[in-house]
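Everything on this sheet refers to the single structure shown next.
No lab work stands behind these numbers, since they all come straight from the coordinates. Remember, predicted model here, so these are calculated numbers, not experimental data. Using ideal geometry, Cβ is built from the backbone for each residue, glycine included, and neighbour counts are taken over all protein chains shown.
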């Protein structure tokens, strides 16, 4: 499913109108689609005669709300409407609502908001149709007081928003302090970026998408005739069908060499466990053979943690990687027929000798004396990269970078707040500027590639906020690279399998107490489920 910015949605509607689907008809379709979804939700609740209050703004979102209110009333729901501002008598959707006999009040003529408070007290469900995607401004004046009155109702009614709760920014996910969170958001045609960015994502509740007729038009890809300034991002929401189309099918006559080799370069005396998690994740993602390039001093511990792995023996100084290890590592990589996938960084540490090792390794890899299936940079590899001048040019392209917000801020020379203020936009921008693939980890992880192509994962799971889950992710991606997936596809599939495994664990155990290793046995289960199409 496509995810759109506000400007892109506006452009899609403009093109649809030019193809004969009028704005008025899109409003009718939106309102009736929203009403159908609300009726479905109400039918599952123990209400014999539900009562609805629709909060109506002055713009198109309010128009959608009036159409929805009229449709709900025709279906037998007792509906009242509260207008933020009076609407013109010749407004067709307002006239239809009055003709249906709806009880309508407006804020300008409601002294002390007495009528509003009475309506709220009577309502089983409140529909927020005050501000839509076209408005992003601070909430003040009468609108602020209306929202405060709604928020004060106890017990809370069922809260539903059309497009999104009033006060959210549909591009960045910013949220006004007086926004009233909802239980269900009904957006139209396609989800918007802000639906997958916090804090707004946390106020949207469940998200449903109602079609408005654009899908039925014989339109070519809207980007081909768009008047927006290029490049126009292509952003999708990942689902099982997308991943199933990308994952490789395993032949029954295969052997371990069929599924490629992974080299995990990491580990030091302070972070012994991380490379083992990455190695095991690569195996669980389907790699045929995984080798650990780790300091000699921690090999015994790693051998216990991942007995299936082999080892690349490296000289060391004080239990960490040093430039002296480079010839041994390069020799191993050069000997791998068809090239290995490399996961660089889990547990690596940031000692000066290690920083020199990473800089020298990248110089060798960039000169391409060895063939690689791909490079995944994670954890301390990212922190060490950020110290290097012009670091994007030092990487073999396209490398896969897997930063969390803090690591991303260091790479970009920005603050964490700046990165988080527009996660999707920043991921697309920096992936294109740097020429590498970004996996910006967090709630609703964003995978972005050069050329403004992006994927958003449908997972926001606090159970995953625990040490080591990033090491597992790096192994998932490297394991899929080893099996021959293109870097972007490997990043998308690896991150999706990782997130889906976390969701399966959360549903069984709740959102507290996960260990990163708990994900490992679930990874093949999730892949099997996706490939079967269950």
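Beyond 31 Å, what percent of the Cα pairs of the chain remain?
On the way: 73714 of 142311 pairs.
That tail contains 52 percent of the Cα-Cα pairs.
Relative to its Kirkwood radius, the Cα radius of gyration of segment 426-478 gives an Rg/Rh of 1.01.
Considering segment 382-442 at the alpha-carbon level, its Rg and Dmax are found to be 10.5, 30 Å.
Arranged from highest to lowest average of other beta-carbon atoms within 10 Å per residue, in what order do the peptides 168-180, 520-532 appear? Could the numbers behind the result be given before it?
Values: 168-180: 21.4, 520-532: 16.8.
My ranking of the peptides, most packed first, is 168-180, 520-532.
A convex hull fitted around the alpha carbon atoms of segment 189-286 yields 264 Å³ per residue.
Nearest 5 is fine: what % of DSSP beta bridges in the chain come out antiparallel, could you say? Could you put the intermediate results ahead of the total?
Values: 11 of 64 bridges.
So the antiparallel bridges in the chain amount to around 15 percent.
Between residue 249 and residue 206, the distance separating the two model label sites (each 7 Å from Cα on the Cα→Cβ line) works out to 3.6 nm.
Under the simplified labelling scheme, the residue 88-residue 350 pair shows an inter-label distance of 6.1 nm, with each label point 7 Å from Cα along Cα→Cβ.
Apply the a/c threshold of 1.5 to the C-alpha gyration tensor of segment 6-228 and tell me whether it is rounded, prolate or oblate. Note, shape of segment 6-228 comes out prolate.
Order of 226, 307 from fewest to most other C-beta atoms within 10 Å? List each step's numbers first, then the result.
Numbers: 226 16, 307 9.
Least to most surrounded, the residues fall as 307, 226.
Protection proxy ranking, highest mean first, for peptides 111-123, 496-508, 407-419, 464-476: 464-476, 496-508, 407-419, 111-123, where packing is the per-residue count of other beta-carbon atoms within 10 Å, averaged. Using r as the Cβ-Cβ distance of residue 334 and residue 390, and R0 as 30 Å, what FRET efficiency do you calculate, to the nearest 0.05? With a Förster radius of 30 Å, E is 0.70. Convex hull volume of the Cα atoms of segment 1-125, normalised per residue: 132 Å³.
Note on segment 240-532: Rg/Rh from Cα positions, Kirkwood definition for Rh, rounded to two decimals, is 0.94. Placing a label point 7 Å from the Cα of residue 360 along the Cα-to-Cβ line, the residues of segment 298-332 whose backbone N sits under 18 Å from it are 312-332.
Between the alpha-carbon centres of segment 67-96 and segment 443-519 there is a gap of 45 Å. Taking 7 Å steps out from each Cα toward its Cβ at residue 307 and residue 145 produces label points 7.3 nm apart. Hey, for a label at residue 429 modelled as a point 7 Å past Cα toward Cβ, could you say which residues of segment 390-414 have their backbone N under 17 Å away? Residues passing the 17 Å test: 405-414. What shape does segment 296-374 take by its C-alpha gyration tensor, where a ≥ b ≥ c are the square roots of the eigenvalues and a/c under 1.5 counts as rounded, a/b above b/c as prolate, and the rest as oblate? Oblate is the answer for segment 296-374, as a/c is 1.5 or above yet b/c matches or exceeds a/b. Each helix, a run of at least 4 DSSP H residues, gives -39500 (n - 2.57); summed and divided by the residues of the chain, these come to -12000 deg cm²/dmol at 222 nm.
How much of the DSSP beta bridge set in segment 240-532 is antiparallel, as a percent to the nearest 5?
Taking every DSSP beta bridge with both residues in segment 240-532, the antiparallel ones total about 30 percent.
Taking max minus min of the alpha-carbon positions on each principal axis, segment 241-310 gives extents of 41, 26, 16 Å, largest first.
Expressed as a whole number of Å, what is the distance separating the alpha-carbon centroids of segment 240-268 and segment 362-413? Going from one Cα centre to the other spans 22 Å.
Extension gain for the segment residue 507 to residue 40, taken as residue separation times 0.36 nm less the Cα-Cα distance, is 165.7 nm to one decimal.
Between rounded, prolate and oblate, where does segment 195-237 land on the alpha carbon gyration tensor, with a ≥ b ≥ c its root eigenvalues, rounded for a/c under 1.5, else prolate if a/b exceeds b/c? Before the final figure, lay out the partial values.
Working: a/c = 3.53, a/b = 1.51, b/c = 2.34.
Oblate.
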